[in-house]
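See structure below.
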Amino acid sequence: MKEADVVRHIATPLVNPAYAPVVPRFTNREYLNIVYRTDTDALRAVVPQPLEIGEPLVRFEVMRMGDVTGYGPYTECGQAIRVRYNGEWGEYLHAMYLDNFPATASGREAGAYPKTVGLPGLYVDHGALVGVLDYGTLQVATATMGYKHYEMDPEDAARQITVPTYLLKLVPGFDGTPQVAQLVRTEISDIEVKGAWTGPARLQLFEHVLAPLADLPVREVVSASHIVTDLTLAPATPVHDYLRQQKEDM
């Protein structure tokens, strides 16, 4: 293969890249969101500067993707922390667990999403919307919400999942030192809310060394929502370069 042909590929293996060269469109993306209050000190230990924290709020989310261009259906789960950057409130994506390898690889390599393996699930059980996350054979999260108890305003639902989102892009060199260390920002702008509901909710997090969701313990459930959407993710934009700041400080 000629050098010019190598750079036309987006990922390895060259003959069968880990993910497709597409901009994914999410159709019938279904969310279970539970916003809860946790410990401020626990957030300080994991939220990277220059992000700031205010009220210690975390959004636990389970997303069932009805259909995704290039990946097909899959399920994803994670924690997003309420933060502020340059006076703008948004969310910091702390951790995400997926059951689809191409989506995991694409999110990590092409984006900056903190994706790793897991076995999330979202289903209805005897009048409750249930979201779960297993890591291997062990359950690490169980969320329940009353199924479609009250309708939400679609605009309120859209605002909940289109807040500015901050992520860390970390790429090490061969010697282990960072080649890329950036804080990036993205925001969903292309969205259609097909349905949205709220209701009573509960959330349990269980200790696991490789899926430490419980390090941000649940002190109080603040709100819950069940949202069905079509959307497209926007590209990420770097807003802070840790390596440049490090060189300036030397």
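The values are calculated or read from the model by the stated rules, or taken from the named source; none is laboratory data. Only a predicted model underlies this, so the values are computations on that prediction, with no experimental measurement involved. Cβ: placed from backbone, ideal geometry, glycine included. Neighbour counts: every protein chain shown. Just the protein is used for accessible areas: all its heavy atoms, side chains included, with ligands, DNA and RNA removed. Shrake-Rupley method; radii C 1.70, N 1.55, O 1.52, S 1.80 Å.
Observations, loosely collected:
- Taking the conditions (1) of a type outside the set (Asp, Glu); (2) touching an Asp or Glu at 6+ places or on another chain (Cβ under 8 Å); (3) over 20 Å from residue 112 (Cβ atoms) in turn, residue 223 satisfies each one other than (2).
- Picking from residues in region 159-185 that are in contact (Cβ under 8 Å) with a residue 60 or more places away in the chain and among the β-branched types (Val, Ile, Thr), the one that is farthest from residue 239 (Cα to Cα) is 161.
- Among the residues of region 1-51, just one is touching a residue at least 24 places away in the same chain (Cβ under 8 Å), more than 18 Å from the chain's Cα centre (by Cα) and in a helix (DSSP H, G or I), namely 42.
- Note on region 198-225: among residues that are among the hydrophobic types (A, V, I, L, M, F, W, C) and touching a helix residue (DSSP H, G or I) at 6+ places or on another chain (Cβ under 9 Å), the one that is nearest to residue 244 (Cα to Cα) is 216.
- Checked against the criterion of being outside any strand (DSSP E or B), touching a Phe, Trp or Tyr at 6+ places or on another chain (Cβ under 8 Å), among the hydrophobic types (A, V, I, L, M, F, W, C) and open to solvent by less than 50 Å² (accessible area, probe 1.4 Å), region 94-106 contains one or more residues that satisfy it.
- If you go through region 66-109 and keep only what is within 16 Å of the chain's Cα centre (by Cα) and of a type in the set (Phe, Trp, Tyr), you end up with 74, 92, 97, 101.
- Residue check: residue 235 meets all listed conditions (1) in contact with a strand residue (DSSP E or B) (Cβ under 6 Å, 6 or more places away or on another chain); (2) surrounded by fewer than 19 Cβ atoms within 10 Å (Cβ to Cβ) but one, namely (1).
- Residue list for region 194-250, restricted to those being of a type in the set (Gly, Ala, Ser) and at pLDDT 95 or above: 195, 196, 199, 201, 211, 214, 223, 224, 225
- A single member of 132, 117, 124 is surrounded by fewer than 14 Cβ atoms within 10 Å (Cβ to Cβ) and under 22 Å from residue 72 (Cβ atoms), and it is 124.
- Selection status of residue 35, modelled with pLDDT of 95 or more, open to solvent by less than 20 Å² (accessible area, probe 1.4 Å) and not hydroxyl-bearing (Ser, Thr, Tyr): no
- Output for region 160-181, where each listed residue is over 16 Å from the mean Cα position of the chain (by Cα) and either open to solvent by less than 20 Å² (accessible area, probe 1.4 Å) or within 30 Å of residue 204 (Cβ to Cβ) (or both): 173, 181
- The one condition in (1) over 16 Å from the mean Cα position of the chain (by Cα); (2) open to solvent by 40 Å² or more (accessible area, probe 1.4 Å); (3) not hydrophobic (A, V, I, L, M, F, W, C) that residue 142 fails to fulfil: (2)
- If only residues of region 38-64 that are basic (Lys, Arg) and either touching a strand residue (DSSP E or B) at 6+ places or on another chain (Cβ under 6 Å) or farther than 19 Å from residue 166 by Cα (or both) are counted, the one that is least open to solvent (accessible area, probe 1.4 Å) is 59.
- Index of the failed condition, residue 88 passing every other in (1) in contact with a strand residue (DSSP E or B) (Cβ under 8 Å, 6 or more places away or on another chain); (2) at pLDDT 95 or above; (3) not basic (Lys, Arg): (1)
- In region 150-161, the condition of being in contact with a Lys or Arg (Cβ under 7 Å, 6 or more places away or on another chain) and under 28 Å from residue 230 (Cβ atoms) is met by no residue.
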